[in-house]
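What follows is a short report on a single structure.
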Amino acid sequence: MDSDLPEMRQRKIIHIDMDAFFASVEQRDHPELRGKPVAVGGGSERGVVAAASYEARKYGVHSAMPSVTAKRKCPDLIFVRHRFDVYKQVSRQIRDIFEDYTPLVEPLSLDEAYLDVTENRKGMASATEIAEEIRARIWETTQLTASAGVSYNKFLAKLASDQNKPNGLFVIKPAMGPVFAASLPVKKFHGIGPATAAKMNRLGLYTGEDIRNQTLDFLEQHFGVSGRYYYGISRGIDHRQVRPDRERKSIGAENTFFTDTTDFDTAWGFLDPLIDKVWRYVEANDIKGRTVTLKVKFSDFRIITRSRSGLVPVMSKPELTGYVRALLEGVFPVSKGIRLLGVTLSSLGERAENETEQLSLSL
Amino acid sequence: MQFTIERGALLKALGHVQNVVERRNTIPILSNVLLSADRSASGGQVSFSATDLDMEIVDTAEAIVSVPGQITAPAHTLYEIVRKLPDGADVELKFAAGDDPRLSVSAGRSRFALPVLPAGDFPIMSSDHEGVSYQILRDDLKRLIDKTRFAVSTEETRYYLNGLFLHCLAEDGSNYLRAVATDGHRLALAEMPAPEGAMGGAGVIIPRKTIDQARRLLDDGTGYVDMTVSPAKIRFQFGNASLTSKIIDGSFPDYGRVIPKGNDKVMTVDAGILSKAVDRVSTISAEKSRSVKMTIEPGRLTLSVRNIEAGQAVEEAEIDYDNETLDIGFNARYIMDVMGQIGGDTVELRFSDASSPTLVLDPVDNGVQYVLMPLRV
């Protein structure tokens, strides 16, 4: 598969990921929260945890978990309101640090970014050294810890940053790449969710090596276009570039059902966390979108989309929820089971970096 | 129609009405002022009316009326002519129907002939004023308007915010007359004990232009204004002049819930110093947002503006504050507008956090409240 690609120089990619970012910021600014299980996000009945501190994670609390479930798992859990203004400010601080090393910074979110340091501004030869320096400077500047993964492509760098989390560093050297990918359980692969992992397991695929032993045809037959991606990464191959100017065209979230459904309420309940995820991204990144799209994949893999566009951006989560519900109502009744649902917000307009936003009274 | 009137009286009456007349009009007669001359036992009286179809101002002045009658003539031109006539001159206005109908205006050696349109075509607002009538002191009405009108919205989409919401309410056993204006980003509220007879009147949204005209008329004279409020119209009678206006057909939002009740971070600062400091640092704010950042710490307020193109500005002010440090941004103009209405030397700002409404209070006037929504900086 890689033979038809032009010969490429070995790249040096770093993936930086802040540790329990929102929760750590809260613990930093509120000393009384340190060492305690903290969840950032709504403590209300319908709320969802936006981030959980490591103390809370020990109880099984994780982000995107309904607050009710989180509270049950960890009765002492302390809910704090998010302060996106502060998170954004910290995000800008760490972005400034990255920029000292390379212009090739691709932020994935407020707390995560890829850096291509093959050529870097400091003329440093070792990517590992750069990663350590960046982690130290992040700590110095923000009193927050970050984990770093170093490797020769984005896929492996991201896997690596997860290895010694929190406050750790892990390097996957070129020779280790294929071995590392082969040894990994499929559910650890970026882009393979629980439902796809379950399907792989049913096909007898449990690790990267199992995937590698399959033909490209087999993978494409069972996983469509994604099959080609799985084929590559199971060999430690990922040619995606670090794109600093990457501009988001849409914000989306989707998920596959474990079992297909034809029931409206089941489908609606399934959409709730997706809407939540999209809206959190909107809030955290100050992006506004005008078009809401609902994606439905049926049991026969047929995909339909339904969308609505407004003249003005969607301004609140209840508004987004209302649109999605109306779109879903338009899809029902269904003749085939629904396999996957997705929500996307597009026609985005991002606020310029130095622009300010006048808030409105809720009249 | 023929009458002679002292230039000062004529100028004053025309001055009262001519502002209603729009500069550009698609309906020609709306550019005109209606002159109606009546003879009475005491000599005579002329009334001057102008309208834009939404509001009408009528003023009357004494004159020596030799031939009663009515005619309309271009309001702005007539006003300009009279303004340029010498002080103390007697002005004669004369109109006779004929082949070439003109209004002749003469004073001393000056002669003017102005085109006219028939009085019968002039739209008159119906004067069937049902509704609640009461009297209010000019100074009280001035205060209600001045403390609030700056916050009236100019944005057309939410038309029901394009006016001042005047209404009566009973609270804690007392009756109040209250004026509220908001543009969605800030809100201004001023109230006073309800004048006798005002209770029971409908809450009305008075259009911005009407408020501006009423405010101008309030400057001439003292004493009381007679108000008549009905669900469709409002009428102000200021001595000889009256202003009748349609009101905005819509419902004003439930503003009470955006007035914060529990803001406990209280900053007291000299209103003049704050206003001037904000004005200074905002010199380099971006044109559009005019954003100014406030950093509030015990004893000290730091105002700062960072503009990538224009540079930066910082100014400190002494304040009374003993709560946690707060960073919050505001539109400089909003701060200055409010400070301009603060009666006392100091002003009290009550904060919650950087993204919630801030309450501004005037220590010497507990009948006013201002709410400012921050800017995210």
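Laboratory data are not the source of any read-out in this text; all were calculated from the coordinates shown. Fair warning: this is a prediction, and the values are worked out from it, not measured in the lab. All Cβ positions, glycine included, derive from the backbone under ideal geometry; neighbour counts span all protein chains shown.
For this structure, a couple of remarks:
- Using the Stokes-Einstein relation with a Kirkwood hydrodynamic radius computed over Cα pairs, the translational diffusion coefficient of the stretch A:131-275 at 37 °C and a viscosity of 0.692 mPa s comes to 188 µm²/s.
- Within the stretch B:296-367, the proportion of C-alpha pairs whose separation exceeds 22 Å stands at 27%.
- Taking amide H positions as modeled 1.01 Å from N, with prolines and chain starts lacking one, the residues under 5 Å from B:ALA63 and 5 or more places away or on another chain are B:GLY44, B:GLN45, B:VAL46.
- Most fluctuating residue given options B:LYS12, B:LYS84, B:LYS94, as computed from a GNM of chain B linking Cα atoms under 10 Å: B:LYS84
- The HN-Hα couplings worked out from phi for the stretch A:94-110 by the Karplus form 6.51 cos²θ - 1.76 cosθ + 1.60 (θ = phi - 60°) are 6, 4, 4, 5, 4, 5, 5, 9, 7, x, 8, 10, 10, x, 9, 6, 4 Hz, whole numbers, x standing for Gly and Pro.
- The reciprocal of the average 1/r between distinct C-alpha atoms defines the Kirkwood hydrodynamic radius, which for the stretch A:106-171 equals 12.1 Å.
- Prolate/oblate/rounded call for the stretch B:2-121, Cα gyration tensor, a/c under 1.5 rounded: rounded
- Cα gyration tensor shape of chain B, rounded if a/c is under 1.5, else prolate or oblate by comparing a/b with b/c: prolate
- Per-residue Karplus couplings for the stretch A:190-195, computed as 6.51 cos²θ - 1.76 cosθ + 1.60 with θ equal to phi - 60°, are listed in order as 4, x, 10, x, x, 5 Hz, Gly and Pro entered as x.
- Equivalent ellipsoid, the protein assembly as shown (semi-axes from 5 times Cα gyration tensor eigenvalues, Å): 69, 29, 25
- Stokes-Einstein D (µm²/s) once Rh is taken as the Kirkwood radius of the stretch B:132-257 over alpha-carbon pairs, at 10 °C in 1.306 mPa s: 110
- Intensity falloff of the stretch B:105-195 expressed as log10 I(q)/I(0), Debye formula with alpha-carbon point scatterers, at q = 0.10, 0.16, 0.22 Å⁻¹: -0.50, -0.81, -1.10
- Cross-link reach list, lysines versus B:LYS147, counting only Cα pairs under 18 Å and skipping chain neighbours closer than eight places: B:LYS209
- Percent of C-alpha pairs per 20 Å bin, chain A, short to long: 25, 60, 15, 0
- For the stretch A:323-337, Karplus couplings with θ = phi - 60° (6.51, -1.76, 1.60), whole Hz, Gly/Pro x: 5, 5, 5, 4, 5, 5, 4, x, 7, 8, x, 10, 8, 10, x
- Cβ-based exposure ranking for B:SER355, B:SER49, in which fewest neighbours within 10 Å come first: B:SER355, B:SER49
- Reducing the stretch B:89-129 and the stretch A:177-208 to their Cα centroids gives an inter-centroid distance of 93 Å.
- Taken over the alpha carbons of the stretch A:142-218 as equal point scatterers, the Debye sum produces base-10 log I(q)/I(0) values at 0.13 Å⁻¹ of -0.45.
- Cα centroid separation, the stretch B:284-339 to the stretch B:158-183: 30 Å.
- Taking A:PRO75, A:PRO66, A:PRO107 in turn, the Gaussian network model of chain A (Cα-Cα springs below 10 Å) assigns the largest fluctuation to A:PRO75.
- Distant-in-sequence amide H partners of B:GLY344 (H built 1.01 Å from N, under 5 Å): B:VAL364
- Among B:ALA271, B:ALA310, B:ALA194, residue whose mean-square fluctuation peaks in a GNM of chain B (springs only between Cα atoms under 10 Å): B:ALA310
- Between the stretch B:59-74 and the stretch A:253-270, the alpha-carbon center distance in angstrom: 80
- D_trans [Stokes-Einstein, Kirkwood Rh over alpha-carbon pairs] for the stretch A:191-316, 37 °C, 0.692 mPa s, µm² s⁻¹: 190
- Tensor-based shape of the stretch A:250-350 (alpha-carbon gyration tensor, a/c under 1.5 rounded, otherwise prolate or oblate): prolate
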